[in-house]
Structure formats: C-alpha cells, structure tokens
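Beneath this line is the structure, given in structure tokens, with notes to follow.
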Amino acid sequence: MLNIIVIGFDRSLASAITGVVDLFALAGVTWNQIQGDAVERHFHVRIASPDGQPIRCINGLQLGAHLSYDDIDHVDAIIVPTIGGHIDEVLRDNDALLSLLQRADRAGWTIAGNCTGNFLLAEAGILRGRSATTHWGFKERFEQQYPDVDLKADQLITRDDHIYCAGGGLAWFDLGLHMIERHVGFDAAIQTAKAFVIDYRRDSQLSYSLMRLAKPHKDDLIKQVQAWLESHYADVFTVEALADRFSVSKRTLIRRFNAALDMPPNTYVQSIRIEAAQKLLEETERTVDVVMNDVGYEDASSFRRLFRKKTGLTPTEYRRRFSRRF
C-alpha cells in the first residue's frame, strides 16, 4: 500500500484536500464494491498540517490533520492543494511547508501540486529549470514571479522527473487519476474515473481559458482597428486592405499590433473569430458548418484545425462540453 500525504495549510481550498483524499482512499474500493468484488485498497492517505492541528480552509471549514510536517518520514508522494486565499500571504506564512518541499525534493519523493498550489513549489525553488503548469488565469503572474520555471500553462498536467503539476480548479481529479495510473496501473485509474463519473485523460486547459484579447494598451490607432474588427471580423479582407482602411502601411500596422497586443493582425483576427465561434457553439444550435461561415471561414478543415489549436478541442467536442442545454 502506497503512502500519500496531502498537505494542509490555512486558506487552502477545502475541496482540493478532501476531494483528492477521497480519490486516493477509494481507489480499488468503490469500483470493486459496485462490481461485487473484494475491496483492494491501494493507498494509505493522511492529511498533514504545520503542527498537526486543524487547519482553516478558505471557505471557513476546519479540517483535522493526522500528523505534523515534522512527523512526515518516508512517503511515496506528497500533494499540495490549491491556494484559496491571497497567494502572497500564503507564501509568506508557510516557511515550514517550503522547507518540507525542499526536503521532499532532496529525498526524491513524488511531489504533486495543484492549481495555485504550484506557486508554493516554485517559491520553494524546486521547479527551477523544470516544466510546470498552473491555473490558466495566473499564467502571467507566475511567469513574472518565477521566470526560471518552464511554464506550460496550456497543459493540464505536467511531469518533470518526480514532480507533477496540475492546472486550474478541479484538475486535482486529473492529477490523482494520472498518479493512480502511474503507481497502480491503467485499469485502476479508469475504474476510479468510472466510479467517480469523471472524464479521464483531459490534457489541456485551452478550452477553459480566456484569450485575453482586450489587453490594455495606449495605441489609439490599434484601438480604432479593434473597434472596427469587433463588427467586421467575419468579413473577407487582407492585412493590406485593413491597413489601407486606416491610412497606414501594412508594415506599420503589423509593427503597432505586435507592440500593443503581442500578436500580428492576422493572429488577432483568427483569435476573435474563434472566440466568436466558441460563443455560437455555446449559445446556439447552429451546425458547425454554419458557425464556421458565420465567423468568416469557408474551408472546414482549416477551421477545425485552427479551432483545435486555439481551444484544445474540436468544435463538436467543445459544444458537447460547454453548450447551453436547450
């Protein structure tokens, strides 16, 4: 039986602790009970807090702990949950946890962080030069704060040696299933997923993220172009024609787009078209081909390829996951 420690600290997200405890504790249990087979527990799961005393989660719920950080000896894996409170305050108030993570890294224990909990791994210095992910909404902050980490915020799960990171929100489901597969096997992972009625092997956060097209800037020309594109993104036009409309050269338009929005005009137009397609797939019953035409595309294969690149899903998969139930 593998020993798992879930780290508890004040202002953590309660569900990222209790949920992952349930997931590991019931692997080999719930599915077996449903099938009428003998229970086969795979994990011994405990919660650790700084001093072994209860912690207060961000929702006000108090959770008891089985042991303190100092009581942790050899374990197979430690899991750091989501920070629910102010990130800087949690980083400031958890020196003991940072030391624990450094000790676990030196010992080569499996370390797994979820969502903003990965800020704690980075603050401890154990992600330096390694691949990681975090919640898509904190991508820019993470990159600025930890430039020596190879952040892959589009990915839902990353693994670099013995360190795992999961993306935003309920990605602890994915993280737990991934670890169950690695430590026990695929059958145990898929059975646990079925027992909990959750999707298995999601691999991207792209479909959940915002494209951040409204990045603030002070270029009045680009603001005018953006305003025009809001109503005309589905029109057929070239970059040259767009530049002519606003009485600048193509080269100038591209340069100022890159300076203001970190992308050229073509990429911006593609992005707002895909964002419009997402909204139509979410809120209407129009066919994928009609949606494609409505946002300015005529070639189905190009549209589907671009949509998948931007969202991580095909248009059909996206609608199935996010559409309004009519």
Item checked: Criterion: surrounded by 14 or more Cβ atoms within 10 Å (Cβ to Cβ), over 30 Å from the mean Cα position of the chain (by Cα) and either closer than 29 Å to Q155 by Cα or of a type outside the set (V, I, T) (or both) - qualifying residue of R273, R245, R308 -> R245
Check: Does D88 satisfy being within 30 Å of F186 (Cα to Cα), out of contact with any Cys (no Cβ under 6 Å at 6 or more places or on another chain) and not aliphatic (A, V, I, L, M)?
Finding: no
Next item on the list: Only helices (runs of 4 or more DSSP H) wholly contained in the range 39-129 count here; list those with 1 or more residues that are under 25 Å from the mean Cα position of the chain (by Cα), buried (at least 20 other Cβ atoms within 10 Å of the Cβ) and among the β-branched types (V, I, T).
Entry: 87-92
Notebook entry, point to check: Within the range 286-294, is there a residue that is buried (at least 16 other Cβ atoms within 10 Å of the Cβ), among the β-branched types (V, I, T) and in contact (Cβ under 8 Å) with a residue 40 or more places away in the chain?
Noted result: no
Check: Can you tell me which residues in the range 231-242 are among the polar types (S, T, N, Q) and either outside any helix (DSSP H, G or I) or within 13 Å of L221 (Cβ to Cβ) (or both)?
Finding: T238
Notebook entry, point to check: If S301 satisfies every condition in (1) touching a Leu at 6+ places or on another chain (Cβ under 6 Å); (2) small (G, A, S); (3) loosely packed, with under 13 Cβ neighbours inside 10 Å but one, which is the exception?
Noted result: (1)
Notebook entry, point to check: Looking at (1) surrounded by fewer than 14 Cβ atoms within 10 Å (Cβ to Cβ); (2) more than 19 Å from G312 (Cα to Cα); (3) under 28 Å from the mean Cα position of the chain (by Cα), which is the one condition that is false for K279?
Noted result: (2)
Check: For V21, are the conditions met, namely being of a type outside the set (D, E, K, R) and closer than 25 Å to N118 by Cβ?
Finding: yes
Next item on the list: State all residues of the range 35-84 that are under 22 Å from L121 (Cα atoms) and among the small types (G, A, S); if no residue qualifies, say none.
Entry: A48, S49, G52, A65, S68, A77, G84
Checklist line | Those residues of the range 1-38 which are of a type in the set (V, I, T) and crowded, with 22+ Cβ neighbours inside 10 Å, in sequence order | finding: I4, I5, V6, I7, I17, V20
Check: Which one is surrounded by the most Cβ atoms within 10 Å (Cβ to Cβ), of the residues in the range 197-217 that are hydrophobic (A, V, I, L, M, F, W, C) and at pLDDT below 70?
Finding: L206
Next item on the list: Report, by residue number, each residue of the range 235-278 that is on the phi > 0 side of the Ramachandran plot and among the polar types (S, T, N, Q).
Entry: S247
Next item on the list: Take K194 and decide whether it is basic (K, R) and modelled with pLDDT under 90.
Entry: yes
Notebook entry, point to check: Somewhere in the range 50-70, is a residue under 30 Å from D187 (Cβ atoms), touching a strand residue (DSSP E or B) at 6+ places or on another chain (Cβ under 9 Å) and among the small types (G, A, S)?
Noted result: no
Margin query: Can you say whether A189 is modelled with pLDDT of 85 or more and closer than 21 Å to V80 by Cα, as far as the supplied structure shows?
Written below: no
Next item on the list: Consider only pairs whose beta carbons are under 6 Å apart and that are at least six residues apart or on different chains; among these, list those whose first residue lies in the range 241-265 and is of a type in the set (D, E, K, R) and whose second residue is at pLDDT 95 or above and surrounded by 18 or more Cβ atoms within 10 Å (Cβ to Cβ).
Entry: K250/A243
Check: Does I126 satisfy being of a type in the set (A, V, I, L, M), in the same structural domain as H42 (by TED's automatic domain parsing) and under 20 Å from S49 (Cβ atoms)?
Finding: no
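The values are calculated or read from the model by the stated rules, or taken from the named source; none is laboratory data. Quick caveat, the model's predicted, so the values are computed rather than measured. Glycine gets a Cβ as well: all are built from the backbone with ideal geometry, and neighbour counts include every protein chain shown.
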